[in-house]
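Student: Take a look at the following structure, please.
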Amino acid sequence: MYRRKFLKLTGMSVSLSAIGTKVIAKTIINPPKQQNKPIVISTWDFGIAANQAAWNILSTGGRALDAVEQGVWVPEADPKNQSVGYGGLPDRDGFVTLDACIMDEFGNCGSVAALEHIKHPISVARKVMEKTPHVMLAGDGALQFALQNGFKKENLLTKESAKAWEEWYKTAKYQPVVNIENKLFDKVTPQKLPGNQYNHDTIGMLALDSKGNLSGACTTSGMAYKLHGRVGDSPIIGAGLYVDNEIGGATSTGVGEEVIRNVGSFLVVELMRQGYSPEDACKEAVMRIIKKKPDIAKNIQVGFLALNKMGQYGAYAIQKGFSYAVCNAQKNDLLISGKSYY
């Protein structure tokens, strides 16, 4: 009796193995022939201008890593953007601190956290990746490294952001506007609120170049009026950004604490590895946050944006209002409203 069961189970295993081998062989022998490349995608409406800078590199056969660095330079240098780089709203003590990370097709990555006085933290993050054995430098150490590598020390607090902070400081009440991203964007048309109500956003960018290689970048000035020293998800590899050149990349925006707790961008990429589409992977990551903390999720925004190896892209957020920009040979600077749970 046991012998018959053993032979039966062995036969089933051999059959299943054969099926599995056929599936694997088919995937390897007949890979999809069409790829939507080059392509660059990024979060929010300021991603349109950022994508154009990245496209200038991608469209001439340039590397995805160079494209995402140069792309996010645009919002980092824009004083009107009070959530990224120069002109970013300060922390509770009045200091502008910046976070950024970058990741290439080889799995190399670098980041900086709580960096002051440097307009382009994304480039400092790249230097960390290329010139040190480390992944992250923070605070005074990150600033020292930047200055040693030729970066210019600047005052990043603009008059507009200083005025907004002074108004806030009269009451020093820390209560971020609920679903600020939704209020900032009416459908896909930017509707910016006064500076003292503007909380935070992040630019996350993902690119696939003409050689089929992926890279990503993420940079922000973080949550307005945060505790001095607070670091969100943006500079954390696996949370604010993750790239796997075999599968795809993902980035996030919104309340970074919840992204960190769920290792959000890594999760999205791993779900795509399992066969999820970019949008479905982003949705599942959002649902994990909602399931774990439904009461908190009702009052915050978190959004994910993903790009797979084939150049397919998608996004999903907790709240309505999350938009992202797409640029390729067919869609030049297109702003799309992402799907959401609420």
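Laboratory data are not the source of any read-out in this text; all were calculated from the coordinates shown. As the structure is a computational prediction, the values presented were derived from the model and not from experiment. Ideal geometry is used to build each Cβ from the backbone, glycine not excepted, and the neighbour counts take in all protein chains shown.
Student: Along the Cα-to-C-beta direction of Lys153, a point sits 7 Å from the Cα; which residues of the stretch 115-134 have their amide N less than 18 Å from that point?
Tutor: Only 115-121, 124 fall inside the zone, counting backbone N under 18 Å.
Student: Would you please name the chymotrypsin sites (Phe, Trp or Tyr not before Pro) within the stretch 86-177 that are DSSP coil residues with at most 12 other C-beta atoms within 10 Å of their C-beta?
Tutor: Here the chymotrypsin sites (Phe, Trp or Tyr not before Pro) that fit, given the DSSP loop and packing criteria, are Phe106, Tyr174.
Student: ³J(HN,Hα) across the stretch 152-159 via Karplus (A = 6.51, B = -1.76, C = 1.60, θ = phi - 60°), whole Hz, x for Gly/Pro?
Tutor: 8, 7, 9, 8, 8, 8, 7, 4
Student: If you stretched the chain out fully between Asp280 and Ala172, how much longer would it get, using 0.36 nm times the residue separation minus the C-alpha to C-alpha distance?
Tutor: That pair, Asp280 and Ala172, stretches by 34.9 nm at full extension.
Student: How much net charge surrounds Ile48 when only other residues with a Cβ under 13 Å from its Cβ are counted (Lys, Arg +1; Asp, Glu -1)?
Tutor: Its environment carries a net charge of -2.
Student: Exactly which trypsin sites (Lys or Arg not before Pro) in the stretch 207-253 are in a DSSP loop and have at most 15 other Cβ atoms within 10 Å?
Tutor: Lys211
Student: When you count, for each residue, the other Cβ atoms within 10 Å and take the mean per peptide, how do 214-225, 71-82 rank with the highest first?
Tutor: Most protected by this proxy first, the peptides run 214-225, 71-82.
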